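Inspection log for the structure reproduced underneath, given as structure tokens.
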Amino acid sequence: MYSRVIGTGSHLPERILSNYDLEKMVETSHDWIVSRTGIVERHIAAENEATSDLALQASRRAIESAGIDVDEIDLIIVATTTPDMLFPSTASILQSKLGIRNNCPAFDVQAVCTGFIYALATADCYLRSGKYRHALVVGAETLSRVIDWTDRATCVLFGDGAGAVVLRASETPGILSSHLHADGSHSHILAVPGRICDGKIQGSPFVTMNGHAVFKIAVNVLEKVATEALLANHMSPSDLDWLVPHQANIRIIEATSRKLGLGMDRVVVTVDRHGNTSAASIPLALDCAAKAGRFREGETLLMEGVGGGITWGALLLKW
Ligand code: ACO
């Protein structure tokens, strides 16, 4: 048994924050941001927009494109680093907003920018086992809420958004394999260290990052996990039709495509318009490419991501 993507959807908040807008907020320039990251603009959620609201719009579109009824969903997994609240899970809130009344399990996965790969791999295990037939897997973030907008080293990088897929259990592939990793010894290089204690926040509630360290590790582990996924399926990079990478930084994406020997015309890039939307970045990129008709049935896609934890992972699938 396999699981197949049968529908995709995404949603971006209306408000766009351009590099020129950022020039008015911190000491930076459009040219610096583009040359170091490839980012031109990002979307920012409105004050009254929660992560579950972005997830709701993306999910509705994914369910519609899958052509199923909401009550046919029998598993919901939301990957997010910026949940609506400490609890209940954003997945539970999403289930209610979607009007699903079949009491299907709903839970969040927290693996920062690798969250969507972790969530998809988890759903794939459930569907392969025959336990469930349709899973809704979402990556949704309101990263703007944990950004220090006076810190130019981090505020230029991130954006808000959501992407979703519907997976169906299937006799034909489908997801071929998933490869998940973590190395908690690097947890300090990218974090929101704050915690709630006795009604107060202890520690910083904003993203703190050692950009150089993250960059070096990201390029290294992405190459390794791509090779691992290909080897596990007796494939070589020439068997790949598409790379759908986490959209952190164009330089990281280009380094991975160079190492795989895959032309950039075969790499889905949305970082210029979305910025880094953490767990939402891969499903957002997937939906943009799918809706643009770039993927053909039977083509081989490699999705891969790296993020805080440090976590990283890859997933190989047939479209
Ligand atoms: N505008 C202008 N100048 C800036 C800015 C800015 N927004 N931010 C930093 N600078 C300055 C620095 O202060 C430094 O000045 P100095 O030389 O006078 O000290 C100079 O630019 C160079 O800074 P570096 O940190 O060396 O710049 P670098 O080329 O490494 O780019 C960046 C920084 C973009 C953060 C890079 O390290 C990177 O992409 N790292 C990966 C981080 C990442 O992608 N994080 C996302 C989360 S993790 C993930 O999703 C994988």
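The values are calculated or read from the model by the stated rules, or taken from the named source; none is laboratory data. All figures in this text were calculated on a predicted structure; none of them were measured in a lab. For neighbour counting, all protein chains shown are included, and Cβ atoms are generated from backbone atoms with ideal geometry for every residue, glycine included.
Tabulated data
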| item | result |
| --- | --- |
| Residue in region 239-252 that is acidic (Asp, Glu), over 17 Å from the mean Cα position of the chain (by Cα) and within 16 Å of the ligand (Cβ to nearest atom) present | no |
| Residues satisfying the stated conditions in region 189-238, i.e. without any contact (Cβ under 8 Å) to a residue 12 or more places away in the chain, outside any loop (DSSP other than H, G, I, E, B) and small (Gly, Ala, Ser) | none |
| Selection from region 59-85 of residues that are charged (D, E, K, R) and within 17 Å of GLY139 (Cβ to Cβ) | ARG60, ARG61, ASP84 |
| When residues of region 10-50 are limited to those that are within 16 Å of the ligand (Cβ to nearest atom) and small (Gly, Ala, Ser), the one surrounded by the fewest Cβ atoms within 10 Å (Cβ to Cβ) | SER35 |
| Cβ pairs under 9 Å, 6+ apart, first in region 24-50 and free of Cβ contacts under 8 Å to residues at least 24 places away in the same chain, second of a type in the set (Phe, Trp, Tyr) | HIS30/TYR20 |
| Odd one out for SER178, checked against (1) out of contact with any helix residue (DSSP H, G or I) (no Cβ under 9 Å at 6 or more places or on another chain); (2) hydroxyl-bearing (Ser, Thr, Tyr); (3) in a strand (DSSP E or B) | (1) |
| Out of ILE6, ILE68, sole residue that is surrounded by 15 or more Cβ atoms within 10 Å (Cβ to Cβ), among the β-branched types (Val, Ile, Thr) and under 20 Å from the mean Cα position of the chain (by Cα) | ILE6 |
| Residue in region 255-264 that is on the phi < 0 side of the Ramachandran plot and within 14 Å of the ligand (Cβ to nearest atom) present | yes |
| Set ASP160, ASP148: member being free of Cβ contacts under 8 Å to residues at least 60 places away in the same chain, in contact with a Ser or Thr (Cβ under 7 Å, 6 or more places away or on another chain) and under 25 Å from THR37 (Cα atoms) | ASP148 |
| Qualifying position, being touching a helix residue (DSSP H, G or I) at 6+ places or on another chain (Cβ under 6 Å), modelled with pLDDT of 95 or more, of a type in the set (Val, Ile, Thr) and not assigned by TED's automatic domain parsing to the domain that holds VAL112, among VAL192, VAL225 | VAL192 |
| GLU304 being at pLDDT 95 or above and under 22 Å from ASN220 (Cβ atoms) | yes |
| Residues that are more than 9 Å from the ligand (Cβ to nearest atom) and under 18 Å from the mean Cα position of the chain (by Cα), drawn from region 148-175 | GLY159, ASP160, GLY161, ALA162, GLY163, ALA164, VAL165, VAL166, LEU167, ILE175 |
| Residue in region 137-145 that is assigned to a helix (DSSP H, G or I), polar (S, T, N, Q) and within 16 Å of the ligand (Cβ to nearest atom) present | yes |
